[in-house]
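Novice: Structure provided below as structure tokens; questions to follow.
Computed from the coordinates by the stated procedures, all read-outs in this text should not be read as laboratory data. Bear in mind the structure is a predicted one, so any value in this text is a computation, not a measurement. Cβ coordinates were reconstructed from backbone atoms using ideal geometry, including for glycine residues, and neighbour counts include every protein chain displayed.
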Amino acid sequence: MEKEKDKSLDEDLDTPKKSKESKASSEDDSEYIGSSTVYYMHCFLLFCGRILNKILDFYNSMFELSTKDKAKIYRNVSTHYAKKGLHEKAIEYLKEWAKLEPTNAEAYYQLGITLGELGNNKSAIGAFKKVLTLIPEHKNAIYRKSSIHLKMKDYKSALEGLEPLAKIAPDNAKVYYLMGIAYDGTGELDKAISVMQKAIELDPDEIKYHQHMGFLNVKKDDHKTAAQYFTKVMELEREINEEAKASGNDENDD
């Protein structure tokens, strides 16, 4: 039979000797107290863990943004910078918006406008082309794209957009005005005069239409007709000045 290990070897030198009965009772109590403490400690940890998880879930749900939410933020931030004239900053967010919503024509349309403001004409035309791929009859995209072609003196490309646009928006004087400039650029003087006259009919108070009409007639050597349009320009300018003076006097009276 193996000799039982002498437990006194694990005791301190001055550990008092205990009776068998008190020793057994003490061991039972300490074991119960220890078990209870461990049990409640783990209950507490589990409870704290659940609270922590719920807090984290709530926090994540508050700041977890959907694609639509992110796109809206990029759109709003880009608008903020564009209004302040910070177009380069606006472009950063417009590009992110377009990445998030590649089928959203408005994202590319706003990108095209901002690129145009920076004079990045080729990239602006590319953005407007994407708009027209998504919405072929997007009137404003056609108009702005054609305007850029005019700035680049690419009159043929401008007319490729403006001629169909005149059918989509037949009552828009601006379209006929741009067409007049484009036809003038291609040397089609009669067509230029015809569409410029249409612009004047739709918006007779726009000074630049009459002014351009005067120049077109000068090119045609019809100086008499040209003089009539230049006279109209002066009349309209006089009316504007008189209205401005009257408005100023009204404010002073108040």
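Novice: Using the Cα centre as the reference, give the magnitude of the dipole from point charges on the C-beta atoms of region 96-165 (Lys, Arg: +1; Asp, Glu: -1; all else neutral), rounded to the nearest 20 debye.
Specialist: Dipole size: approximately 240 debye.
Novice: Another one. Which entries in the list Lys153/Lys191; Lys122/Lys219; Lys167/Lys224; Lys145/Lys220; Lys83/Lys167; Lys89/Lys129 go over 24 Å, if you measure between the two C-alpha atoms of each?
Specialist: Lys122/Lys219; Lys167/Lys224; Lys145/Lys220; Lys83/Lys167
Novice: Something else now. Find the relative contact order for region 74-233 and round it to a whole percent, using C-alpha pairs within less than 8 Å whose residues are 6+ positions apart.
Specialist: 11
Novice: Right, next: From the Cα gyration tensor of region 157-248, with a ≥ b ≥ c the square roots of its eigenvalues, which class applies: rounded if a/c is under 1.5, or else prolate if a/b is larger than b/c, or else oblate?
Specialist: Oblate.
Novice: Another question about this same structure. What is the gain in length, in nm to one decimal, between Glu243 and Leu46 on full extension, counting 0.36 nm per residue of separation less the C-alpha to C-alpha distance?
Specialist: Net length gain for the segment: 63.0 nm.
Novice: From a point 7 Å beyond the Cα of Asp69 in the direction of its Cβ, which residues of region 96-122 have a backbone N at a distance under 13 Å?
Specialist: Answer for region 96-122: none.
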